[in-house]
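Okay, so here's the structure we're looking at.
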Amino acid sequence: MAESGSSAAAAGAAGSNSSTAGAGGAVAPGGANGAAGSKPGLESVKGQNFDVGPRYTDLQYIGEGAYGMVCSAFDHVNKIRVAIKKISPFEHQTYCQRTLREIKILLRFRHENIIGINDILRARRIEYMRDVYIVQDLMETDLYKLLKTQQLSNDHICYFLYQILRGLKYIHSANVLHRDLKPSNLLINTTCDLKICDFGLARIADPEHDHTGFLTEYVATRWYRAPEIMLNSKGYTKSIDIWSVGCILAEMLSNRPIFPGKHYLDQLNHILGKNQCLMLNGMSPFSDFSFILKSALPEA
């Protein structure tokens with residue numbers, strides 16, 4: 001595979017198009033001192049202070065999302081470059097929940113095709129707890145950027161699809177729904193290794209319990225969102241991730257999104273076709289056919 005010209009990382013900042021990835025690891029007992037100020041180990045990147053030294057130095061900007069910035073850095077212990085995601089989630093409860101959910105899930109997953117966590121840096125004292133730094137393996141690019149630069153061969157498509165499904169099988173075997181599979185959340189390196197990242201929207205779904213009414217309606221990026229989610233079904237299953245994989249496969253084959261809806265109704269138009277949507281709009285939402293089987297219904 002030809003190398004992509006852009007250098008991206010693999011950090012799973014929810015809602016971010018720049019993602020980073022990792023191999024499993026343990027939480028660091030100490031971590032960065034979150035207090036502001038000039039001191040050894042403090043580096044500034046695009047106005048953001050990264051307090052990750054002295055182990056991690058030479059920070060270089062990669063990207064940022066809704067509530068996190070991603071940089072590459074040199075790890076002086078392992079003598080390699082890594083990706084560090086700075087998350088500042090504490091101003092919003094939703095960001096806190098997603099960050100905690102992602103960390104808990106990734107610390108338990110151990111799979112070649114799933115992003116992991118190498119290290120977590122945090123403030124030593126609670127009053128300085130403003131940011132959390134997640135250290136992960138550095139990946140060269142993601143599928144979104146790769147598709148922007150070249151047409152994939154059939155061999156590459158098959159190999160990437162195999163790795164996606166392999167990782168997804170592991171995720172689903174733990175009764176976890178990823179809920180946000182898309183090309184920018186699939187990280188790739190120069191040897192064509194692929195890792196699934198960004199578990200900020202992931203949820204545990206126990207098949208022995210009814211989750212109807214308890215699962216979020218609007219998850220996944222619109223272009224890769226399954227119809228049952230768009231039609232207000234809150235009792236969806238693992239099939240929503242399979243739908244997303246199908247959309248990703250179609251995009252790898254054609255180099256363009258298969259359902260690029262501009263908004264909710266336009267998305268349905270792309271999936272069903274305009275004529276089908278007109279037919280649905282003209283249908284009665286409910287018809288009472290009880291008179292047909294009246295004899296089969298219980299007495300009032």
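Worth pointing out:
- Screening I87, I105, I157, I80 for residues that are at negative phi and in contact with a Gly (Cβ under 7 Å, 6 or more places away or on another chain) leaves exactly one candidate, I87.
- Residue satisfying all of: in segment 61-80; modelled with pLDDT of 95 or more and charged (D, E, K, R); surrounded by the most Cβ atoms within 10 Å (Cβ to Cβ) among these: D75
- Verdict on L187 being touching a Leu at 6+ places or on another chain (Cβ under 8 Å) and over 30 Å from N49 (Cα atoms): no
- Taking first residues from segment 136-161 that are farther than 30 Å from L59 by Cα and partners that are in a helix (DSSP H, G or I), the Cβ contacts under 6 Å between residues at least 6 apart in sequence or on separate chains come to L152/M252; I157/M252; L161/L249.
- Against the list (1) surrounded by fewer than 22 Cβ atoms within 10 Å (Cβ to Cβ); (2) at pLDDT below 95; (3) in contact with a strand residue (DSSP E or B) (Cβ under 7 Å, 6 or more places away or on another chain), the condition Y170 fails is (2).
- Failed item, numbered, when P40 is tested on (1) under 14 Å from V132 (Cβ atoms); (2) out of contact with any Leu (no Cβ under 9 Å at 6 or more places or on another chain); (3) at pLDDT below 85: (1)
- Subset of segment 152-194 [of a type in the set (S, T, Y) and over 15 Å from F109 (Cα atoms)]: S153, Y159, Y162, S184, T190, T191
- Taken together, the residues in segment 238-260 that are more than 18 Å from G167 (Cβ to Cβ), in contact (Cβ under 8 Å) with a residue 40 or more places away in the chain and outside any helix (DSSP H, G or I) amount to 1.
- Residues of segment 48-98 that are among the polar types (S, T, N, Q) and in contact (Cβ under 8 Å) with a residue 24 or more places away in the chain: Q48, S72, S88.
- Scoring D58 on the criteria (1) buried (at least 18 other Cβ atoms within 10 Å of the Cβ); (2) on the phi > 0 side of the Ramachandran plot leaves a single failure, condition (1).
- Residue count for segment 105-164, restricted to those that are charged (D, E, K, R), loosely packed, with under 15 Cβ neighbours inside 10 Å and either within 20 Å of the chain's Cα centre (by Cα) or at pLDDT 95 or above (or both): 5.
- Across segment 82-97, the qualifying residues are those that are surrounded by 18 or more Cβ atoms within 10 Å (Cβ to Cβ) and over 13 Å from I120 (Cα atoms), and the one among them that is farthest from the chain's Cα centre (by Cα) is P89.
The values are calculated or read from the model by the stated rules, or taken from the named source; none is laboratory data. Note that the structure is a prediction, hence the values are computed from the model and not measured. When we count neighbours, we look across all protein chains shown, and the Cβ atoms used for this are built from the backbone with ideal geometry, even at glycine.
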